[in-house]
Amino acid sequence: MKKIWLSPPHMSGKELKYIQEAFDSNWIAPLGPNVDAFEQELANYVGLNNAVALSSGTSALHLALIMAGVGPGDIVICPTFTFAASANPIVYLKATPVFIDSENLTWNLCPDILEKTIKHYIKKGKKPKAIIGVHIYGMPMQLNETLLLCEKYEIPFIEDAAEALGSSYNGKKLGSFGKISIISFNGNKIITTSGGGALLSNDPIIIKKAKFLASQAKDDAPYYQHSEIGYNYRLSNICAGIGKAQLEVIDNRVKSRRANFDFYRKELGSLSGISFQNEPPDFFSNRWLTCILIDPKLSEGVNPDKIRLHLEAKNIESRHLWKPLHLQPVFKDVPYFGGNVAEGLFERGLCLPSGSSLSEEDLLFICENIKSLFHKS
Ligand SMILES: *Cc1c(COP(=O)(O)O)cnc(C)c1O
């Protein structure tokens with residue numbers, strides 16, 4: 001029985017051409033023409049002037065926080081409903097993450113709780129040093145409200161668009177809203193460089209500084225001289241070749257992922273107790289992963305784990321929604337503001353296979369298996 005993965009890499013066919021070019025010119029390292037082209041094409045795609053290709057989304061976020069001036073003891077606000085990599089770089093810098101609950105509409109950072117939290121810390125004389133926003137599963141967060149708060153309290157907004165390349169908000173591409181924004185090209189994301197990320201900003205000083213920090217912070221001297229601590233965070237010219245070919249097909253990938261979502265909603269939407277992540281007007285999601293919520297009061301005893309195990313027995317991978325960070329053992333001492341919206345999503349939700357290479361036959365097979373659980377009882 002073949003395996004149906006949650007979100008496997010999907011090559012376009014042109015990746016090897018750009019890798020071959022790198023081999024033919026022996027531009028294996030350092031950096032090189034694929035990196036330059038990939039950065040320029042990515043920046044064009046999101047509507048900015050420049051981008052920096054990096055080894056991962058996590059390293060991009062690490063550099064973003066450094067450039068926002070985050071250091072030991074600082075407060076950095078982060079949604080609780082996200083992947084741990086959104087918060088880990090805060091801890092790398094010995095700053096303190098503060099987690100905030102989701103709002104029901106988009107499942108992302110709740111602006112009301114955000115403002116209460118900012119006020120709380122300002123009153124204590126500890127104004128947050130940065131706010132990280134995340135567009136979970138590709139769904140834009142409430143950007144208008146959040147950006148107004150960032151402006152009002154003069155706190156830099158760092159946009160974690162790791163899952164959201166191809167999404168947009170009021171017609172503007174995600175990845176272009178932060179003072180600094182980041183994207184991930186990890187193997188499970190909508191496009192991949194086999195492993196990589198990018199940092200984006202409209203500020204040329206930030207772009208220049210990111211390139212400097214990401215390549216060992218070498219001073220402008222004829223020998224190795226360093227006035228700052230650097231990192232080895234750049235993307236290789238080989239991986240950038242993969243990224244370049246992937247970026248050429250991003251719009252197709254978004255179409256396929258959105259078609260997966262539509263298929264699932266049509267097939268499963270009438271099952272008792274099942275609902276989907278909303279897409280409000282002017283919000284456009286790349287639908288990176290299709291997620292369902294299951295209301296236990298209406299679902300005839302079916303719950304996310306029951307579906308997950310049933311699919312697993314059929315060699316179909318599905319996964320619980322993100323376990324909120326304030327419930328993670330490693331973050332048990334981190335302050336949390338909010339109620340139980342994110343907890344509810346975690347308890348009731350399941351991510352379904354969402355790869356852009358899924359066939360209609362695969363989708364039908366998955367849906368039939370889910371439906372069979374409902375019809376049995
Ligand atoms: C994947 C992801 C990251 C980290 O990206 P990597 O490239 O895997 O380091 C950060 N934030 C979110 C929300 C992610 O989904």
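The values are calculated or read from the model by the stated rules, or taken from the named source; none is laboratory data. Predicted model, so just to flag it, every value in this text is computed and none were measured. Because the Cβ atoms are built from the backbone with ideal geometry, glycine has one as well, and the counts that use them run over all protein chains shown. Surface accessibility is based on the protein's heavy atoms, side chains included, excluding ligands, DNA and RNA. Shrake-Rupley method; radii C 1.70, N 1.55, O 1.52, S 1.80 Å.
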Of the conditions (1) over 28 Å from K17 (Cβ atoms); (2) touching a Gly at 6+ places or on another chain (Cβ under 9 Å); (3) in contact (Cβ under 8 Å) with a residue 40 or more places away in the chain, A217 fails just one. Which one is it? (3)
Kindly provide the set of residues from segment 341-377 that are open to solvent by 40 Å² or more (accessible area, probe 1.4 Å), under 12 Å from I4 (Cβ atoms) and acidic (D, E), ordered by number. E361
Would you pick out the residues in segment 121-178 that are under 21 Å from M67 (Cβ atoms), away from the ligand (no atom under 12 Å from the Cβ) and β-branched (V, I, T)? I131, T146, I155
If we scan segment 245-266, do we find a residue that is open to solvent by 20 Å² or more (accessible area, probe 1.4 Å), in contact (Cβ under 8 Å) with a residue 60 or more places away in the chain, among the aliphatic types (A, V, I, L, M) and in a helix (DSSP H, G or I)? no
Working carefully through the options A60, A85, A64, find the one that is surrounded by fewer than 24 Cβ atoms within 10 Å (Cβ to Cβ), within 12 Å of the ligand (Cβ to nearest atom), of a type in the set (G, A, S) and not in a loop (DSSP other than H, G, I, E, B). A85
Give segment 10-23 a look and list any residue that's of a type outside the set (S, T, N, Q) and open to solvent by 80 Å² or more (accessible area, probe 1.4 Å), or say none. M11, K14, L16, K17, E21, F23
For E279, which of the numbered conditions (1) assigned by TED's automatic domain parsing to the domain that holds L42; (2) in a loop (DSSP other than H, G, I, E, B); (3) among the charged types (D, E, K, R) fails to hold? (1)
Answer yes if at least one residue in segment 109-124 is part of a loop (DSSP other than H, G, I, E, B) and open to solvent by 30 Å² or more (accessible area, probe 1.4 Å), and no otherwise. yes
Exactly one of F23, F38 is within 16 Å of the ligand (Cβ to nearest atom), at pLDDT 95 or above and closer than 12 Å to G241 by Cβ, and that residue is F38
Taking segment 186-199 and keeping residues near the ligand (Cβ under 9 Å from one of its atoms) and within 22 Å of F81 (Cβ to Cβ) leaves N186, N188, K189, G197
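Taking into account only those residues within segment 220-237 that are touching a residue at least 12 places away in the same chain (Cβ under 8 Å) and open to solvent by less than 40 Å² (accessible area, probe 1.4 Å), which is farthest from N186 (Cα to Cα)?
Here the answer is G230.
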